[in-house]
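K.L.:
This is the structure, below, for whatever I ask next.
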């Protein structure tokens, strides 16, 4: 919303500057008003683009909602993924549970214009997700040689662990990796 307001005013001042540059009768209207209009247009445009880039850096995407329950002999992990319906249930193998994923971060200027990081979940609660041969090869190649590609900034693995039982925990993907937060 604020970005569109800044960019709208930027376009308005640019059009105003062009109008007075071509239609101004006096030297004051031919030089000073277009100059001020172009400067304001430039500053408002930069402010709008900067706000949009900052919003892209702070964006958090909810991957899953996780609730872990501890019983006498075992634990259960109830996972509801954001893009799926229904819950998946996993038997906990240890005292704590975790989520791990591979992340691909683009160069800063690509992130700035709206291209968000790509992630692939590897495992949750000690249970690995199915990966095709091509997906395994691609992520292994990116982890070893991702720095060779001109648009790739960094490729890394991110893992988070928790010992929270009885509460719902949100698993989020950010530009810096995975995060957990209780609801």
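K.L.:
Filtering segment 12-39 down to residues that are under 29 Å from residue 55 (Cα atoms) and loosely packed, with under 14 Cβ neighbours inside 10 Å, which residue is nearest to the chain's Cα centre (by Cα)?
P.N.:
Filtering segment 12-39 for residues that are under 29 Å from residue 55 (Cα atoms) and loosely packed, with under 14 Cβ neighbours inside 10 Å, the one nearest to the chain's Cα centre (by Cα) comes out as 39.
K.L.:
Criterion first (part of a helix (DSSP H, G or I) and modelled with pLDDT under 85) does residue 41 satisfy it?
P.N.:
So residue 41 does not fit the description; no.
K.L.:
Still on this structure, I have one more. Give the residue, chosen from 59, 108, 96, that is exposed (fewer than 13 other Cβ atoms within 10 Å of the Cβ) and in contact (Cβ under 8 Å) with a residue 40 or more places away in the chain.
P.N.:
One residue alone meets the criteria, 108.
K.L.:
Next question. Working only within segment 24-35, note down all residues that are out of contact with any helix residue (DSSP H, G or I) (no Cβ under 8 Å at 6 or more places or on another chain) and in a helix (DSSP H, G or I).
P.N.:
Scanning segment 24-35 gives 27, 28, 31, 32.
K.L.:
Then there's this: What's the number of the only condition in (1) more than 21 Å from the chain's Cα centre (by Cα); (2) closer than 16 Å to residue 158 by Cβ; (3) touching a residue at least 12 places away in the same chain (Cβ under 8 Å) that residue 128 fails to meet?
P.N.:
Looking at each condition in turn, residue 128 falls short on (3).
The values are calculated or read from the model by the stated rules, or taken from the named source; none is laboratory data. Just so you know, these numbers come straight off a predicted model, no measurement behind them. Positions of Cβ are generated from backbone atoms using ideal geometry, with glycine treated the same way; all protein chains shown enter the neighbour counts.
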